[in-house]
Amino acid sequence: MRTPRQWASYLFTSSGILFMRLLAMLPLKVARAMGKLLGWVLYVAVVPRRRVVMANLSLCFPEHSAHHIQVLTRQTFVYFAQAWLDRGWVWHAPKSWILRRVTLTGAIEELAGNEPTVVFVPHFVGMDAAWGGVTLRIPRPSTTIYTDQSNKLVDRWILRGRRRWGNMRLFGRVEGVKPIVAAIRSGQPLYLLPDMDFGPQESIFVPFFGVPTATVPSLSRFARLGRAKVVTVVVSMTASGYQVNVLPAWKNFPTDDVVADTALMNQKLEGYIRSQPAQYFWVHKRFKTRPEGVQEIY
C-alpha cells in the first residue's frame, strides 16, 4: 500500500510523463517557446542552482565580464529547459520526426563496422537526442553506463526512452567493469560521459580550463582495456532540432600515462565547450571535489 505522500508523488510523476507524451505532438517551435519560458522561470526561481552555473562559468571564463556571465547563465537555463522538453519528441514522437529533426554529420564511418570503439559524449544538453539520431541511422548494438534514478517511475521512463530503438544496452554502475569491457571487445561501442565529478575515490586531478579538477580517468582506461579507438560525438541544439557531429578517431590514444590521457580529454573538451558554451551542462557542480587545502567553490 502506498502512503498518501507516495500516491501524491506517483500522480505528479505520472502527470509529468503524460505531459511529455502530449508535448511530443506539438510543433517544435511551440515546444521550444515553452522551453524558453521554463528556462527563464528556472533562472529566476532556482537560486541555488543559478549560483552553481554562475560559479562554474566565472571560474572557466575569467576573461568575461559579470554581465556576460549573467547572459550565459540565462542562456544555459533556457537551453537546459528546451532540451528537457525535447525529450518528449525524442522519446515519443514518430521515427520520421526524429530523422528529420536530428541530423548526423562528420566522420560517420567511424561508428560503422565492428571495430572496438569508445564514444566520448560530452555533457551538452542534447545528448539524448544524439543517442536517438545515431542509433536510428547506425543500427549497431551499443552500450552506455546508467545511474539509477531514485524515482522508479522516472527511472523506467528514462530507460524506455533510451532503449527505444532496441539497440542500446545500459549497464548499471554496480555491474562493474568486466561486462562493459567484454561488450567493447565484441564490437559494441561504449557511449561514455566521464566529464562529471564523481568524488575523490574515482577521480584524479587534471587541468580543466586551467583549474585542477577531479576527473574520472575512465575514457583512457576503457579504451585501453577494450583495445578500442576513441571517437567524439558533439551535439548542438539548432532551430530545427539538433546536429550531431562525429569527429575523427583520436590519434595515439590511449597511452600508458592515464594522467596525461585524462588531461588531454579535458583539453579537447574545453575546445568543444568554447564553440557553444551555453549548451554545456553547467548546472552540475563540476568543481565540488577540491584538492586538499584548496577553498571550496560552492
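Computed from the Cα positions only, the extents of segment 143-195 along the three principal axes stand at 33, 24, 20 Å, in decreasing order.
In the structure shown, do any of 229/251; 152/288; 178/229 have a Cα-Cα gap over 20 Å, and if so which?
Those over the limit are 152/288.
The residue among 133, 27, 242 whose Cα reaches farthest toward the positive pole of the charge dipole of the chain, with charges on the beta-carbon of Lys, Arg, Asp and Glu, is 27. Shown here for segment 91-183: chymotrypsin sites (Phe, Trp or Tyr not before Pro) in loop regions (DSSP other than H, G, I, E, B) with at most 16 other Cβ atoms within 10 Å, namely 165.
Report the residues of segment 59-102 in range of a label on residue 21: point 7 Å along Cα→C-beta, backbone N strictly under 15 Å from it. Flagged as within label range: 88-94. Subtracting the Cα-Cα distance of residue 204 and residue 175 from their residue separation scaled by 0.36 nm leaves 8.2 nm. Site pair residue 67 and residue 6 shows an inter-label distance of 5.5 nm when each label is modelled 7 Å from Cα along Cα→Cβ. In terms of its Cα atoms, segment 158-298 spans 47, 41, 31 Å along the principal axes, sorted from long to short. For n ≥ 4 DSSP H runs only, could you compute -39500 (n - 2.57) per run for the chain, divide by its residues and tell me the 222 nm figure to the nearest 500? Value at 222 nm, helices only, nearest 500: -15500 deg cm²/dmol. Positive end of the dipole of the chain (Cβ unit charges, origin at the Cα centre): among 233, 68, 10, the Cα lying farthest that way belongs to 10. Spatial offset of segment 50-90 relative to segment 212-231 amounts to 27 Å, using the alpha carbon center of each. The orientation-averaged shadow of the Cα convex hull for segment 4-279, equal to a quarter of the hull surface, comes to 15.2 nm².
Throughout, read-outs are computed from the coordinates displayed, never taken from laboratory work. Just so it is clear, the structure is predicted and the values come from calculations on it, not from any experiment. Counting neighbours? That spans all protein chains shown, and the Cβs are built from the backbone with ideal geometry, glycine included.
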